[in-house]
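This report refers to the structure that appears directly beneath it.
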Amino acid sequence: MWIFFCFFAIKVFNMPFKQEIIQIKGVSIHLLTFEAFNPLNYLNHLSIAETERFYTIKSPLKQQEFVATRILRDQIFEHHHIQYNEYGAPFIKDKHFLSISHSRNTVGIAICADFQIGFDLEFISEKAKKVCSKFLNSKELQTFNLQSDLETTKLWSAKETLYKVANRIGIDFKTELIIEPAKENLLIGKIIQTNGHDLVEIYTFVHQDYIITVNHSKIEHVNNPIQH
């Protein structure tokens with residue numbers, strides 16, 4: 001496994017945004033970190049439909065995240081519009097597979113040319129540790145270190161990544177998204193289906209104060225149902 005990190009800073013209309021690119025095999029992760037800014041000054045990055053949606057967002061931080069995501073989108077794809085399928089998964093027509101995440105003052109877009117990806121960005125905190133019994137099954141509760149903010153944040157991030165890869169609604173995180181340990185920075189994810197399960201490798205690592213999680217391999221379907 002190799003990871004190539006490429007970092008560079010950009011400025012958008014005289015305001016600094018730090019943009020970074022992390023390359024993991026065939027997956028490119030683009031991050032944009034920002035300080036507090038007035039999103040009204042950057043609405044030119046939004047389409048008419050996106051502008052209408054922007055004005056329905058009440059939280060100032062969510063407004064900044066929404067606009068920052070479009071600023072990052074423009075840096076990667078110029079002005080192609082982000083669309084969402086019936087499951088809420090983002091895509092840009094005739095472009096690569098992509099997945100979007102945000103946490104605190106950072107937004108990210110992961111891109112892959114070859115297969116569907118899930119990507120999650122989580123600020124490391126005790127939040128996941130406090131609710132781990134709600135998203136981990138009994139085996140996972142016994143397998144992983146639940147006293148660690150880092151480890152429980154990784155597990156939550158891995159399940160979020162699996163959810164995005166599954167590309168369907170109504171999934172029970174506790175019983176239909178299964179996480180198993182593999183080796184350092186690598187987890188095995190299973191998505192329970194009616195005719196078996198989907199198997200995928202999940203790569204997770206620490207970057208500054210965040211956990212970054214993404215699948216770096218194609219989903220493999222296994223027909224035999226598994227016990228969980």
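The values are calculated or read from the model by the stated rules, or taken from the named source; none is laboratory data. As the structure is a prediction and not an experimental result, all values here were calculated from the model. Counting neighbours? That spans all protein chains shown, and the Cβs are built from the backbone with ideal geometry, glycine included.
So here's what we get for this one:
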| quantity | calculated |
| --- | --- |
| Residues satisfying the stated conditions in region 72-90, i.e. closer than 17 Å to Asp120 by Cα and buried (at least 16 other Cβ atoms within 10 Å of the Cβ) | Leu72, Arg73, Ala89, Pro90 |
| Considering residues of region 174-188 that are part of a strand (DSSP E or B) and in contact with a helix residue (DSSP H, G or I) (Cβ under 8 Å, 6 or more places away or on another chain) only, the residue farthest from Pro90 (Cα to Cα) | Pro181 |
| Selected residue (criterion: nearest to the chain's Cα centre (by Cα)) from residues of region 210-228 that are in a strand (DSSP E or B) and over 15 Å from Leu155 (Cα atoms) | Glu220 |
| Qualifying residues in region 53-71 (those that are at pLDDT 95 or above and polar (S, T, N, Q)) - the one surrounded by the most Cβ atoms within 10 Å (Cβ to Cβ) | Gln64 |
| Residue in region 97-113 that is outside any helix (DSSP H, G or I) and either basic (Lys, Arg) or at positive phi (or both) present | yes |
| Residue that is surrounded by the most Cβ atoms within 10 Å (Cβ to Cβ), among those in region 167-216 that are touching a residue at least 12 places away in the same chain (Cβ under 8 Å) and among the basic types (Lys, Arg) | Lys190 |
| Single residue of region 126-157 satisfying the filter (buried (at least 17 other Cβ atoms within 10 Å of the Cβ) and polar (S, T, N, Q)) that is nearest to Asp74 (Cα to Cα) | Ser157 |
| Complete set of residues in region 194-209 that are over 19 Å from Thr33 (Cα atoms) and in a strand (DSSP E or B) | Gly196, His197, Asp198, Leu199, Val200, Glu201, Ile202, Tyr203, Thr204 |
| Options Lys127, Lys139: the member that is without any contact (Cβ under 8 Å) to a residue 60 or more places away in the chain and either of a type in the set (D, E, K, R) or on the phi > 0 side of the Ramachandran plot (or both) | Lys127 |
| Unmet requirement for Lys164, which otherwise passes all of (1) among the charged types (D, E, K, R); (2) touching a residue at least 60 places away in the same chain (Cβ under 8 Å); (3) out of contact with any Gly (no Cβ under 8 Å at 6 or more places or on another chain) | (3) |
| Selected residue (criterion: nearest to Pro90 (Cα to Cα)) from residues of region 119-173 that are of a type in the set (Gly, Ala, Ser) and part of a loop (DSSP other than H, G, I, E, B) | Gly170 |
